[in-house]
Amino acid sequence: MLEQLTIKNVAVIDRLEVSFSCGMSVLTGETGAGKSIIIDSINMILGSRASKELVRRGAEKAEVQAVFSMPEDVRAVLDENDIDTDDDCVIISRRLTSEGKSTARINGTVVTLNLLRDIADMLINIHGQHDNQALLNPSKHIGFLDSYARTSPLVSEYKAHYDRARAISRKLQALETNEHERIERIDLLTYQINEITAAALTDGEEEELLAQRRLLENAEQINMNAERAYVNLYDYPDGQSAYDMISEAVNAVAEIIEVSPELKEAYESISSAMYAVEDAAREIRGFGESVEFDRQALDEIEERLDLINRLKRKYGSTIEEINSFGQRAQAELNEIETSDEQSEKLRIELKEVKELLKDVAANLTAARTKAATALSKEIENALHELNMEKAVFSVSLNPQQYAANGADAVEFVIATNPGEDLKPLVKIASGGELSRVMLAIKSILAKSDGVDTLIFDEIDTGVSGGAAQKIADKLKAIGRDKQVICISHLPQLAAAADNHFLIIKDVEGELASTTLRELDHEGRVHELARIVGGGEAGESYARQMIREDC
């Protein structure tokens with residue numbers, strides 16, 4: 001049950017806080033007072049898309065919070081999602097910034113809009129003014145029937161088989177493309193595979209080739225620099241090489257330590273340096289002598305690099321990507337070449353899935369057929385209670401090709417007057433009749449869907465007089481078992497309410513502000529009098545209506 005609703009900075013609402021109780025509550029008010037904004041705010045906590053235009057002018061953010069009592073099925077879902085359930089209430093909040101950023105929370109935990117919708121659907125059911133149009137679309141009728149029949153497990157099982165059958169069919173069709181396309185594809189893949197295989201590229205090969213090319217292109221300079229380094233280190237004329245000079249120093253220090261050993265460590269250091277210079281000089285000379293300009297080797301490297309670049313333009317930006325392309329091409333070629341075998345396996349699998357699909361579809365049809373008979377009778381009885389005493393209603397069920405929801409075409413048909421043939425709602429029902437059909441369906445589904453709170457936004461559109469009174473009676477009856485909240489402009493509904501709230505819009509300067517106030521007995525009388533036309537006669541009639549509904 002919805003216990004409390006708080007709205008801040010949503011359109012014309014500055015701050016609104018209201019507590020609801022059980023039974024039937026009605027919200028009334030002047031046209032333009034802000035009833036639609038309250039519905040928009042409730043839709044926000046139900047997970048509907050919210051536009052930044054809802055944020056009140058001058059405010060940084062809009063916020064809506066609703067407090068519900070905790071049903072056990074909701075507690076189980078919250079526990080599964082690690083959301084706090086210590087208190088016996090569910091607090092849903094939604095924040096929308098002026099930049100359009102939206103944040104949803106359940107009991108303080110940030111949640112996705114998908115989870116918010118799943119939870120909200122278990123707490124509240126809202127009927128907007130546009131929902132009657134769903135009755136004019138036969139494709140929506142199967143949803144009402146399935147909700148009544150509780151076929152959700154069967155529908156889920158059917159959809160799993162249906163989706164699997166479609167996936168197999170698509171794969172089978174892809175394998176069985178025309179022979180010309182198949183041969184062309186085999187030729188292309190074979191060419192690509194052969195080209196990549198013949199190249200025999202290895203990881204790191206390109207980097208190694210580039211290094212070898214740099215070496216060969218600079219062979220002459222390397223030889224010259226190596227020789228120069230060798231001469232300066234070890235073979236400079238007149239004993240002026242680094243080795244000769246260090247050797248002289250070694251001999252000089254050796255004579256010193258014969259007298260005083262204090263320079264022994266220095267002697268060992270320069271001796272090591274002498275040998276290091278000798279080793280380095282020999283290594284440098286050996287490297288220089290090993291590097292030789294080889295025109296043939298350079299040409300071969302250039303050809304290999306050119307091949308790599310050609311393949312990179314076709315198959316990938318790196319050798320790894322080229323080889324990966326080749327592996328994928330080989331896998332596809334294998335699949336095509338074995339397509340006959342795979343096709344046969346898929347045909348067998350498709351046959352098995354279709355058998356399962358057929359069995360589940362038959363079970364689904366049987367469940368729907370049984371439920372259709374019962375639902376037809378219940379809706380017809382409810383319509384009789386709603387001032388459509390002569391109406392005949394039926395849930396028509398006809399076979400169709402397998403579709404996403406089964407092998408059944410469901411459509412609601414009605415005859416509103418005696419002697420008429422049953423016809424689709426779109427050809428028969430007026431606006432007021434559609435409202436009553438929808439109310440009949442909602443009242444029936446409310447008995448079993450587990451949702452404690454039902455909100456009706458002008459369910460009484462297009463009705464008046466006796467029909468309006470019947471709708472009021474029906475809503476009040478639903479309110480004995482469920483919490484019912486109605487936004488209405490009809491005095492009959494307002495008089496029947498257990499709780500009556502008045503929507504008021506005040507204008508101060510350039511800003512309007514909508515508030516909600518619960519009415520006491522006299523307040524209800526004045527509001528009912530306003531609705532019926534005002535004056536002493538209106539007030540007298542209002543008092544009489546309230547007494548009759550008490």
Please report the spacing between the Cα centers of region 94-151 and region 1-64 in Å, no decimals. 16
Ordering 489-500, 352-363, 471-482 by per-residue average of other C-beta atoms within 10 angstrom, highest first, gives 489-500, 471-482, 352-363
Out of the GluC sites (Glu not before Pro) in region 447-550, which ones are loop residues according to DSSP with at most 16 other C-beta atoms within 10 Å? Glu510
So how exposed is Ser540, as accessible area in Å² (1.4 Å probe, rounded to 10)? 70
Given Cβ charges of +1 for Lys and Arg and -1 for Asp and Glu, the option among Tyr158, Leu215, Tyr275 whose Cα lies farthest towards the positive end of the dipole of the chain is Tyr158
For region 70-83, just list the computed ³J(HN,Hα) in residue order, Karplus coefficients 6.51, -1.76 and 1.60, θ = phi - 60°, integers in Hz, with x standing in for Gly and Pro. 8, x, 5, 5, 6, 4, 4, 5, 5, 4, 4, 9, 6, 9
log10 I(q)/I(0) for the chain, Debye formula on C-alpha points only (no solvent), q = 0.06, 0.07 Å⁻¹, two decimals, reads -0.59, -0.67
Output for region 112-218: trypsin sites (Lys or Arg not before Pro) sitting in coil per DSSP, at most 16 other Cβ within 10 Å, listed by number, reads Arg150
Listed residues Asp187, Asp460 arranged by accessible area, highest first, probe 1.4 Å: Asp187, Asp460
Alpha-carbon centroids, region 476-544 and region 355-429: separation in whole Å: 37
Roughly speaking, what % of Cα-Cα pairs in region 221-278 are separated by over 19 Å, rounded to a whole number? 38
In region 390-481, if every C-alpha pair distance is counted and binned at 5 Å from zero, what percent goes to each bin? 3, 12, 18, 19, 18, 16, 9, 5, 1, 0
What size of dipole, in debye to the nearest 20, comes out for the chain about its Cα centre when the only charges are +1 on Lys and Arg C-beta atoms and -1 on Asp and Glu C-beta atoms? 4700
Of all trypsin sites (Lys or Arg not before Pro) in region 414-469, the ones in DSSP coil with at most 13 other Cβ atoms within 10 Å are Lys447
Antiparallel %, DSSP beta bridges [both residues in the chain], to 5: 75
Measure nothing fancy, just the Cα-based angle from helix 521-532's long axis to the longest principal axis of the chain, in degrees from 0 to 90, nearest 10. 90
Please compute the Cα-Cα pair-distance distribution of region 436-550 with 5 Å bins starting at 0, giving whole percents from short to long. 2, 11, 20, 21, 18, 13, 8, 4, 2, 0
P(r) over all Cα-Cα pairs of region 48-92, 5 Å bins from 0 to the longest distance, whole percent per bin, short to long, reads 5, 17, 23, 13, 13, 12, 13, 5, 0
I need the semi-axes of the equivalent ellipsoid of region 44-196: take the C-alpha gyration tensor, multiply each eigenvalue by 5, square-root it, list largest first in whole angstrom. 45, 25, 19
Linear extension gain, Lys390 paired with Lys140, 0.36 nm per residue minus alpha-carbon span: 87.5 nm
Residue-wise HN-Hα coupling along region 367-377, computed from phi with Karplus coefficients 6.51, -1.76, 1.60 (Hz; x: Gly, Pro): 5, 5, 4, 5, 5, 4, 4, 5, 5, 4, 5
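The values are calculated or read from the model by the stated rules, or taken from the named source; none is laboratory data. None of the values given here were measured: they were computed from a predicted structure. Every residue, glycine among them, receives a Cβ derived from its backbone with ideal geometry; neighbour counts consider all protein chains shown. Only protein heavy atoms, including side chains, enter the accessible area calculation; ligands, DNA and RNA are left aside. Shrake-Rupley method; radii C 1.70, N 1.55, O 1.52, S 1.80 Å.
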